[in-house]
Amino acid sequence: MNPILSCHDIIVDFDGFKALQGVNLDVHHGEIRFLIGPNGAGKTTLLDVICGKTKAADGKVMFQGVDLTKRREHEIVRHGIARKFQNPSVFTELTVFENMELSIKQNRNLFSVMKAKLTAEEKDEITVMLERTDLLDRAYDPAGLLSHGQKQWLEIGMQLLQKPEVLLLDEPIAGMTGAEREKTGLFIQEIAEKCAVLIVEHDMDFVRNFAEQVTVMHEGKILCEGSMEEVQQNELVAEVYLGREAKVC
Amino acid sequence: MRKKQMIYLLFFLILLLAPFYLTEFRLALLGKFLCYAIIAVGICLIWGYTGILSLGHGVYFGIGAYCMAMYLKLEASKGALPDFMEWNGVQELPWFWKLFFNPFFSIMAAIFVPAMLAAVLGMLTFKNRIKGVYFSLLSQAVVVVVVTLLIAKQDFTGGTNGLTNFSTVFGFSLSSPMVQIVLYAITVFALFAIFMLSVWITKSRLGHVLIAIRDGENRLRFLGFDPAVFKVFIYSLSASFAGIAGALFVLQVGLISPSMMDIIPSIEMVLWVAIGGRHSLFGAIIGAILTNGAKSFFSETYPDVWLFCLGILFILIVVFFPKGIAGLFEAFPKRFTKFFEKGVKKGESDSVVS
């Protein structure tokens with residue numbers, strides 16, 4: 001099967017510091033792939049390159065046969081790659097419903113937005129998503145009043161409303177309670193039925209429970225790939241990552 | 001919602017009936033304030049809703065005013081060269097002045113030239129992601145450039161004296177009280193139309209996009225919107241509002257000079273909106289009228305200290321009512337109901353400069 005998203009030899013140079021040194025990564029349709037690695041390994045930078053926030057000095061990002069390397073952020077989103085950031089970033093002064101209304105897949109040019117009216121289908125779509133994210137009773141509250149976990153869900157919900165092909169999640173469970181984590185994990189599994197999910201995560205228990213494929217990064221390079229068991233048995237990984245973690249603990 | 005609409009209607013009705021209960025002098029003042037209110041609505045849209053602080057709206061106001069004034073000046077000169085050109089030794093009317101023989105061209109120019117200048121400035125800055133303080137400073141630099149240009153090219157622009165000594169508009173005498181009342185009524189309608197248009201924008205999905213730009217431009221980018229396009233649009237729209245205000249201003253006041261569009265007036269425009277409440281379009285109108293009303297009251301009654309009074313008023317509002325007069329009115333009913341329900345709660349904090 002051809003990968004839906006593939007990165008070829010990505011190099012990112014921050015004023016001399018090589019954050020990514022030739023990264024190759026393939027993501028297939030319907031898979032949940034976790035990116036793990038110690039701090040500074042370049043996991044978030046890789047997500048930034050895919051979604052256009054950071055420009056690669058060299059290398060290519062191919063998505064369904066289209067070269068996205070030189071595209072701007074909003075164009076990449078329109079192609080079908082959604083990104084959720086580490087800190088929940090929702091529009092705090094808009095209501096939960098309005099947040100979702102802006103996120104729906106729609107014509108986003110000036111004149112379409114000017115003419116846009118909330119259609120019945122859009123309303124149904126939002127209502128379904130409000131139910132899925134457990135926010136139905138908060139629909140008309142400003143998003144700024146939500147709890148941290150609810151904001152995370154709202155943001156994931158907003159990304160899903162765009163009907164992406166690939167969803168990039170940066171530490172989606174940071175700051176969540178145990179029950180919330182479990183729920184988020186199940187939610188992500190549900191999402192993966194329709195699109196590929198690429199997740200940066202530090203929480204090893206969470207990775208163990210929900211990972212299908214794991215990619216380990218270290219100092220701007222891919223160290224190894226495989227299932228969680230394979231990765232755990234890899235000696236290099238144990239040395240640079242799990243070993244170090246064991247020492248810290 | 002109903003109640004709000006009733007208040008708006010009542011307000012505009014009171015304004016429309018002003019010729020019946022105000023003296024000619026007061027009516028002229030109010031007409032001038034309403035022009036300022038039109039600018040305030042535009043500033044509220046870009047600053048309050050979109051979060052772009054423009055300190056250069058004087059330019060757009062000034063350009064609108066000059067466009068109208070050029071037509072009035074040509075009409076007053078009755079085919080001869082405008083007086084200041086003769087004093088400066090200009091032999092022939094420059095080509096760009098000739099365009100302003102046509103009143104409709106002049107009116108269109110007053111609306112669209114500011115919008116186009118704003119669009120150019122907006123494209124250069126917003127597309128390159130210049131925002132916040134840097135944009136504010138740039139917008140102020142534009143004021144300096146335009147004002148300097150107007151003064152330096154005095155043979156074409158009238159220099160520091162600006163353009164004045166008008167006589168007629170469409171053949172009607174500007175000094176006639178009836179014409180002034182008609183112009184006042186046109187100003188009220190213009191303010192009403194611009195206000196309703198702005199309310200409609202803020203309630204539509206476009207308005208939500210604007211608030212989203214203020215709350216998190218980056219997030220919006222990752223929802224597939226190009227914020228720069230929306231920013232350029234709203235900035236141009238608000239510039240054209242200022243241009244309309246300038247044209248109406250010159251018709252009623254009979255004078256436009258570079259000092260009326262300089263840096264200090266540009267900053268004052270932002271103050272009106274801050275005082276009225278930058279998150280409320282209606283508040284912006286009230287802010288413009290009240291601040292200028294207070295200014296003329298203080299300057300008539302206490303000419304020595306009026307600037308201090310204005311300064312104190314501004315400081316008080318920023319410190320105690322960061323949401324301006326509009327915030328005060330929103331907070332009062334809430335405070336009362338909360339008081340009776342479960343005691344007073346701590347209000348949300350909000351800073352004026354963001």
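The values are calculated or read from the model by the stated rules, or taken from the named source; none is laboratory data. Computed from a predicted model, the values in this text were never measured in an experiment. Cβ sites come from the backbone with ideal geometry, for glycine too, and all protein chains shown count toward neighbours.
A few comments on the model shown:
- Residue match in the range A:94-107 (condition: modelled with pLDDT under 90 and more than 21 Å from the chain's Cα centre (by Cα)): yes
- Evaluated against (1) under 22 Å from B:Leu53 (Cβ atoms); (2) in a loop (DSSP other than H, G, I, E, B), B:Val318 falls short on exactly one condition, (2).
- Flag if A:Arg33 is basic (Lys, Arg), surrounded by 16 or more Cβ atoms within 10 Å (Cβ to Cβ) and within 14 Å of chain B (Cβ to nearest Cβ): no
Results for (1) in a helix (DSSP H, G or I); (2) surrounded by 14 or more Cβ atoms within 10 Å (Cβ to Cβ), shown as yes or no for each residue.
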{"residue": "B:Ile63", "(1), (2)": "yes, yes"}
{"residue": "B:Ala69", "(1), (2)": "yes, yes"}
{"residue": "B:Met85", "(1), (2)": "yes, yes"}
{"residue": "B:Gly89", "(1), (2)": "no, no"}
{"residue": "B:Leu93", "(1), (2)": "no, yes"}
{"residue": "B:Pro114", "(1), (2)": "yes, yes"}
{"residue": "B:Gly122", "(1), (2)": "yes, yes"}
{"residue": "B:Thr125", "(1), (2)": "yes, yes"}
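- All conditions in (1) modelled with pLDDT of 90 or more; (2) within 10 Å of another protein chain (Cβ to nearest Cβ); (3) closer than 28 Å to B:His279 by Cα; (4) not in a helix (DSSP H, G or I) hold for A:Lys117, with the sole exception of (1).
- When residues of the range A:70-84 are limited to those that are more than 8 Å from every other protein chain (Cβ to nearest Cβ) and outside any helix (DSSP H, G or I), the one nearest to A:His8 (Cα to Cα): A:Lys70
- Those residues of the range A:1-47 which are polar (S, T, N, Q) and in a loop (DSSP other than H, G, I, E, B), in sequence order: A:Asn2, A:Asn39
- Checklist (1) at pLDDT 95 or above; (2) over 30 Å from A:Ala143 (Cβ atoms); (3) crowded, with 19+ Cβ neighbours inside 10 Å applied to B:Ala193, failing item: (3)
Rundown of residues vs (1) within 13 Å of chain B (Cβ to nearest Cβ); (2) over 30 Å from A:Ser147 (Cα atoms); (3) surrounded by 18 or more Cβ atoms within 10 Å (Cβ to Cβ); (4) not acidic (Asp, Glu), yes/no style:
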{"site": "A:Leu47", "(1), (2), (3), (4)": "yes, no, yes, yes"}
{"site": "A:Asp67", "(1), (2), (3), (4)": "no, yes, no, no"}
{"site": "A:Asn99", "(1), (2), (3), (4)": "yes, no, yes, yes"}
{"site": "A:Glu122", "(1), (2), (3), (4)": "yes, no, no, no"}
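- For the range A:36-95, a residue qualifies if it is out of contact with any Ser or Thr (no Cβ under 8 Å at 6 or more places or on another chain) and of a type in the set (Gly, Ala, Ser), and the qualifying residues are A:Gly37, A:Gly40, A:Ala41, A:Gly42, A:Gly52, A:Ala57, A:Gly65, A:Gly80, A:Ala82, A:Ser89.
- Only a single item in (1) surrounded by fewer than 24 Cβ atoms within 10 Å (Cβ to Cβ); (2) in contact with a strand residue (DSSP E or B) (Cβ under 9 Å, 6 or more places away or on another chain); (3) not acidic (Asp, Glu) is not met by B:Arg2, and it is number (2).
Table: residues versus (1) of a type in the set (Lys, Arg); (2) under 28 Å from B:Leu271 (Cβ atoms); (3) touching a residue at least 12 places away in the same chain (Cβ under 8 Å).
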residue	(1), (2), (3)
B:Phe20	no, no, no
B:Ser54	no, yes, yes
B:Gly62	no, yes, yes
B:Ala69	no, yes, yes
B:Lys98	yes, no, no
B:Leu117	no, yes, yes
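- Subset of the range B:77-117 [among the small types (Gly, Ala, Ser) and modelled with pLDDT of 90 or more]: B:Ser106, B:Ala109, B:Ala110, B:Ala115
- When restricted to residues that are more than 21 Å from B:Phe105 (Cα to Cα), touching a helix residue (DSSP H, G or I) at 6+ places or on another chain (Cβ under 7 Å) and surrounded by fewer than 16 Cβ atoms within 10 Å (Cβ to Cβ), the range B:166-183 contains 1.
- Test: residue in the range A:12-32 that is out of contact with any strand residue (DSSP E or B) (no Cβ under 6 Å at 6 or more places or on another chain) and aliphatic (A, V, I, L, M): no
- Residue pairs meeting the criteria (Cβ under 7 Å; at least 6 apart or on separate chains; first touching a residue at least 60 places away in the same chain (Cβ under 8 Å), in the range A:136-153; second in a helix (DSSP H, G or I)): A:Lys151/A:Ala143
- Those residues of the range A:130-152 which are surrounded by fewer than 17 Cβ atoms within 10 Å (Cβ to Cβ) and in a loop (DSSP other than H, G, I, E, B), in sequence order: A:Asp134, A:Ala139, A:Tyr140, A:Asp141, A:Ser147
- Boolean, A:Asp170 is on the phi < 0 side of the Ramachandran plot and free of Cβ contacts under 8 Å to residues at least 12 places away in the same chain: no
- Test: A:Asn107 is under 30 Å from A:Gln232 (Cβ atoms) and either assigned to a loop (DSSP other than H, G, I, E, B) or β-branched (Val, Ile, Thr) (or both): no
- Residue match in the range B:279-288 (condition: outside any helix (DSSP H, G or I), under 22 Å from B:Leu9 (Cα atoms) and away from chain A (no Cβ under 14 Å)): no
- When each of B:Leu210, B:Leu255, B:Leu237 is tested for being touching a residue at least 60 places away in the same chain (Cβ under 8 Å), surrounded by fewer than 22 Cβ atoms within 10 Å (Cβ to Cβ) and either within 14 Å of another protein chain (Cβ to nearest Cβ) or hydroxyl-bearing (Ser, Thr, Tyr) (or both), the lone residue that passes is B:Leu237.
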